[in-house]
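Colleague: Let me begin by handing over the structure; questions about it come next.
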Amino acid sequence: HNTALHPARYTTEMMLRIKANLVAAGQKRMWQALYQQAPTPDDGLFFTKEMFSFFSTRPMRRGSQIFQAWDFAITEQQQSDYTVGITIEQDHLDNLYVLDVRRFKTGDGDMIIDNILDYYEEFSKDGEAVDLLGFEDGQIWKSLASFFTRRCEDRHLFPSFEIMKPQTDKLVRAQPLRGRMQAGKVHFDKNAPYYDTLRAEMLRFPAGKHD
């Protein structure tokens, strides 16, 4: 406590000076997240506790749209990032409902593609299909794209999808979500098994290990 983790690089005096400056500027949470090995802050740096709204029953499928988006990671290392898929329903009043989140680690691109298609099928029922899939553009998607097309043909599944090319950093890209949450237009299921992990990652953002 009150000692530098790496004094050869940053002395204790230097770190205490940074802490004092951040606290004086009203940025104590920034100190906690960036310099205290990223614990979950009491509130949040970008997303805060009061921004989380909840639902108990999802809206009717008729008149709403369902979207699934994927953020890829191919890894053999346990400490590395997750491949994450999320399912969101948008109702006619432009409210968003987080229906589900899937996360796993794998070094197998084939497994990722089959998970994407299994997930699509799971939420495409009773003659209704997921309206749109979103994939973040990058080297991983480029390595998966041809196999995705082939597996769609093998399984006779042809979801509509969009390749999302990041144009700015994650903070800028997260601003519209932050605004929607501030307006009470994003709703979560606080009893879902993934909710506590999702909430913790959002409260740590952008300083957390997984984002």
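The values are calculated or read from the model by the stated rules, or taken from the named source; none is laboratory data. Since this is a predicted model, take the numbers as computed values, not measurements. As a convention, Cβ positions derive from the backbone with ideal geometry for all residues, glycine included, and neighbour counts pool all protein chains shown. Surface accessibility is based on the protein's heavy atoms, side chains included, excluding ligands, DNA and RNA. Shrake-Rupley method; radii C 1.70, N 1.55, O 1.52, S 1.80 Å.
Colleague: Output the residues belonging to region 105-114 that are at pLDDT below 95 and open to solvent by 20 Å² or more (accessible area, probe 1.4 Å).
Modeller: Scanning region 105-114 gives LYS105, GLY107, ASP108, ASP110, MET111.
Colleague: Next up: Just the residues that are among the charged types (D, E, K, R) and farther than 21 Å from THR87 by Cα, please, taken from region 122-150.
Modeller: LYS142, ARG150, listed by residue number.
Colleague: Now, a different point. Name every residue in region 89-98 that is closer than 12 Å to ARG61 by Cα and surrounded by 18 or more Cβ atoms within 10 Å (Cβ to Cβ), in order of residue number.
Modeller: Correct list: GLU89, TYR97.
Colleague: For ALA33, indicate whether it is at pLDDT below 85, assigned to a helix (DSSP H, G or I) and at negative phi.
Modeller: The answer is yes for ALA33.
Colleague: Something else about it: Please work out if ILE116 is closer than 21 Å to ILE74 by Cβ, touching a residue at least 40 places away in the same chain (Cβ under 8 Å), among the β-branched types (Val, Ile, Thr) and touching a Ser or Thr at 6+ places or on another chain (Cβ under 7 Å).
Modeller: The answer is no for ILE116.
Colleague: Still on this model: Name the residues in region 170-211 that are outside any helix (DSSP H, G or I) and more than 22 Å from ARG103 (Cβ to Cβ), would you?
Modeller: Within region 170-211, ALA183, GLY184, LYS185 meet the criteria.
Per-residue answers, yes or no, for (1) closer than 15 Å to ALA69 by Cα; (2) surrounded by 13 or more Cβ atoms within 10 Å (Cβ to Cβ); (3) aliphatic (A, V, I, L, M):
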| position | (1), (2), (3) |
| --- | --- |
| ARG103 | yes, yes, no |
| THR149 | no, no, no |
| LYS170 | no, no, no |
| ARG173 | yes, no, no |
